[in-house]
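What follows is one structure encoded as structure tokens, with my remarks underneath.
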Amino acid sequence: MSLICLIRRRAAARSLCRKAAIFPCRKLSGSDRSPPSSDSTQEPREEDGAGEQWRARRAPGKVSVLLFPGQGSQFVGMGRGLLKYGNVKEMFSVAQKVLGYDLLDLCLNGPEEELMKTVHCQPAVFVTSLASVERLNQENPAAIENCVAAAGFSVGEFAALVFSGAMNFAEALFAVKVRAEAMQEASDQTRSGMLSVIGRPQANYKHACLQAREHCMTVGIQNPVCSIANYLFPDGRVIAGHQEALDFLQKNSRQFHFARTRQLPVSGAFHTALMEPAVEPFKDVLRQLDVRRPEIAVHSNVDGKRYMHDKHVRRQLAKQLVSPVKWEQTLHEIYERTQGQEFPHTYEVGPGRQLGATLQKCNMKAFKNYTHIDVALPQEG
């Protein structure tokens with residue numbers, strides 16, 4: 001039985017998810033732009049709106065939300081001890097066929113410089129996050145059964161969509177592969193990067209970006225790019241663009257009321273106009289995927305709103321490459337509730353605890369029900 005069916009099956013045998021068979025998939029070369037074939041079957045679905053009504057009858061404190069991390073959360077050793085859970089072994093076997101290399105070995109043993117590369121870390125975070133879901137399902141199946149919403153940061157959206165039944169695992173992994181390759185190729189065209197910024201209350205991030213672009217033009221850079229790439233939490237941003245612009249911001253951080261700046265260890269200016277060359281190759285793959293309406297609420301990075309239908313998913317995923325990740329806004333959408341209403345249980349499924357840290361800064365009451373499901377177990381012995 002498929003990954004999704006195993007982890008989302010309900011006792012009443014009326015699953016909210018669609019079956020998505022992992023197999024068969026074919027080994028793909030780096031130049032192959034066709035997604036692996038899928039053998040998906042359809043479970044009986046509830047009538048439109050029935051799932052929403054069923055979820056609405058549950059107490060807010062009895063439901064759960066899953067958050068899937070993005071690039072930058074990876075580390076050597078992730079995946080250790082997870083092969084004993086559910087379909088994890090099968091997932092890594094599929095990954096080797098889709099990607100053409102041993103992803104599990106890379107996750108467990110590195111080398112770190114290879115795992116950190118965009119082309120490798122995006123598939124690694126995607127697969128290990130879903131492996132973490134398998135662990136959660138075995139240790140706390142009610143968290144899976146009662147899940148009503150999910151969101152993923154950047155590439156984490158793909159894991160959220162697979163979990164929701166909107167995408168087939170193998171096809172989504174192939175899309176992640178093409179996405180990562182296209183983003184790497186776009187990054188290689190321009191010396192660029194991303195800058196994490198913690199600002200003081202008077203900081204004006206957009207004005208700072210404007211000043212940085214003007215500086216770039218004075219040193220001969222045509223059409224400079226410098227813009228907010230991630231909205232993380234109040235006074236927490238990631239700014240991305242030409243490296244000269246980021247150097248200017250760091251040098252003049254006090255002028256712009258930045259309390260702290262840190263260059264991120266990534267290869268390019270993701271979620272900015274510099275990723276435009278990656279859009280068309282990625283769109284070509286998205287058109288070929290079997291995409292369905294998510295069976296739970298999955299929120300888009302582009303505007304924080306939930307995906308409504310298959311065309312909406314494809315459109316927003318392509319737009320996400322060149323649009324800022326509005327994570328702070330997404331958290332507000334998920335956790336908005338009336339005074340006195342309970343908050344759901346939140347599980348960060350995947351490497352790192354960055355999403356928990358942002359939730360803590362955005363909504364302390366929601367964070368009180370936060371749990372991290374790690375992707376590495378302690379070494380035995």
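Restricting to the stretch 321-357, and then to whatever is among the polar types (S, T, N, Q) and not in a helix (DSSP H, G or I), can you tell me which residue is surrounded by the fewest Cβ atoms within 10 Å (Cβ to Cβ)?
Checking each candidate, the answer is Q339.
Residues that are under 30 Å from G268 (Cα atoms) and either modelled with pLDDT under 95 or of a type in the set (A, V, I, L, M, F, W, C) (or both): does the stretch 44-66 have at least one?
Within the stretch 44-66, one or more residues are under 30 Å from G268 (Cα atoms) and either modelled with pLDDT under 95 or of a type in the set (A, V, I, L, M, F, W, C) (or both).
All but one of (1) modelled with pLDDT under 95; (2) among the acidic types (D, E); (3) in contact with a strand residue (DSSP E or B) (Cβ under 6 Å, 6 or more places away or on another chain) hold for E328; state the number of the condition that does not hold.
Here E328 meets the rest and fails (1).
If I filter the stretch 91-138 down to residues being over 18 Å from the mean Cα position of the chain (by Cα), open to solvent by 10 Å² or more (accessible area, probe 1.4 Å) and touching a residue at least 60 places away in the same chain (Cβ under 8 Å), which single residue comes out as nearest to R80 (Cα to Cα)?
R135
Can you name every residue in the stretch 364-381 that is in a loop (DSSP other than H, G, I, E, B) and open to solvent by less than 40 Å² (accessible area, probe 1.4 Å)?
Passing the criteria: V375, A376, L377.
Given the structure, is E113 at pLDDT 95 or above and of a type in the set (D, E)?
Taking the combined requirement at face value, the residue satisfies it.
Pairs under 8 Å by beta carbon, first residue within 18 Å of H271 (Cα to Cα) in the stretch 234-259, partner aromatic (F, W, Y) and assigned to a helix (DSSP H, G or I), six or more apart or different chains?
R237/Y205; I239/Y205
Quick one: how many residues across the stretch 216-246 are open to solvent by 60 Å² or more (accessible area, probe 1.4 Å) and either touching a Pro at 6+ places or on another chain (Cβ under 8 Å) or of a type in the set (D, E) (or both)?
The qualifying residues number 1.
Any residue at all in the stretch 254-269 that's in a helix (DSSP H, G or I), open to solvent by less than 60 Å² (accessible area, probe 1.4 Å), touching a helix residue (DSSP H, G or I) at 6+ places or on another chain (Cβ under 6 Å) and over 18 Å from K206 (Cβ atoms)?
Within the stretch 254-269, not a single residue is in a helix (DSSP H, G or I), open to solvent by less than 60 Å² (accessible area, probe 1.4 Å), touching a helix residue (DSSP H, G or I) at 6+ places or on another chain (Cβ under 6 Å) and over 18 Å from K206 (Cβ atoms).
Do we find a residue being under 30 Å from M364 (Cβ atoms), in contact with a Ser or Thr (Cβ under 6 Å, 6 or more places away or on another chain) and open to solvent by 20 Å² or more (accessible area, probe 1.4 Å) anywhere in the stretch 142-160?
Yes, there is a match, as at least one residue in the stretch 142-160 is under 30 Å from M364 (Cβ atoms), in contact with a Ser or Thr (Cβ under 6 Å, 6 or more places away or on another chain) and open to solvent by 20 Å² or more (accessible area, probe 1.4 Å).
Could you list all residues from the stretch 139-160 that are under 8 Å from the mean Cα position of the chain (by Cα) and on the phi < 0 side of the Ramachandran plot?
Selection gives A151, G152, F153, V155, G156, E157, F158, A159, A160.
The values are calculated or read from the model by the stated rules, or taken from the named source; none is laboratory data. Keep in mind that this is a model prediction, so the values were computed, not measured. As a convention, Cβ positions derive from the backbone with ideal geometry for all residues, glycine included, and neighbour counts pool all protein chains shown. With ligands, DNA and RNA removed, areas are computed over all heavy atoms of the protein, side chains included. Shrake-Rupley method; radii C 1.70, N 1.55, O 1.52, S 1.80 Å.
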